[in-house]
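Input: a single structure, listed below in structure tokens.
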Amino acid sequence: MGDSFQFIDIIFFAMVAAFLVLRLRSVLGRRTGTEQRRPDPLRRDQAEIAADRHPEPPTRPSAEPSAASPAGPAASGLTQVKLADRTFEPVGFVSGARKAFEMVVAAFAAGNRDQLRTLLSGEVFENFSAAIDAREKNGETLESKLVQIASADIVDAELRDRTAFVTVKFVTEQINVTRDKAGNVVEGDPAEASDVTDIWTFARNTQSRDPNWTLVETRSPT
């Protein structure tokens, strides 16, 4: 008699357990449509696979050479510079060259030889200093205003031994006015800006710890 009641209890608990399992499955095992699939780091996205099969055509290059991808002889020269100096980056270089241009123009107009000496090579400094001497001897002053740098592009680059040379073409708008002792205008127009094109070459020893570049040549386009 006792065994029969024990058997009935086992069947009863089994039925309860089965009922609970079914309830849990109805709640936990049901997809609602909002679940997020765990990403597989080794599985490539279908868009990536499609891109490999049907790559987008390359964009048309700009007509004007840019600091990041100059055309012509500068391209191969820049490759040599980059191999010699892993820190060299064309866009950053041009940004620094623009600032150097502004500093040199302002220092030359003010006759600030100390600042020019830190930016120019010995030969270029002597040329700038001689022009300042002549101006001061005549009692003249130079008023120079850099209205804007319209463009600054790398047009040439080369590596000679350990020294890198990078040439930048600056197209600017400037107001340059020379006045005599009495303040009269000798040259230039204070009310009119002129388009000025300068070609400057900067150099740096790629093995040097000094990261600064030096202006080693200035010229006008031929």
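A few remarks follow.
- Three-way shape label, the range 73-219, alpha-carbon gyration tensor, a/c 1.5: prolate
- Here's the list of lysines a cross-link from residue 99 could span, going by alpha-carbon distance under 30 Å and ignoring same-chain residues fewer than 8 apart: 82, 137, 145, 169.
- Extending 7 Å from Cα along the Cβ direction at residue 126 and again at residue 80 yields two label points whose distance is 2.7 nm.
- Simple label model, 7 Å out from Cα along Cβ direction - residue 110 to residue 173, nm: 2.4 nm
- Positive contributions from Lys and Arg (+1) and negative ones from Asp and Glu (-1), summed over other residues with Cβ under 14 Å from the Cβ of residue 135, come out at -2.
- Look at where the Cα atoms of the range 164-222 and of the range 83-101 average out, and the two centres are 17 Å apart.
- Spacing of the two label points (7 Å from each Cα toward its C-beta) at residue 209 and residue 118, in nm: 1.9 nm
- Judged by the mean number of other Cβ atoms found within 10 Å, the most tightly packed of the peptides 216-222, 126-132, 169-175 leads the ranking 169-175, 126-132, 216-222.
Read the figures in this text as sums done on the coordinates, not as results from a lab. Because the structure is predicted, anything quoted here is derived from the model rather than measured. Note that we place each Cβ from the backbone using ideal geometry, even for glycine, and neighbour counts take in every protein chain shown.
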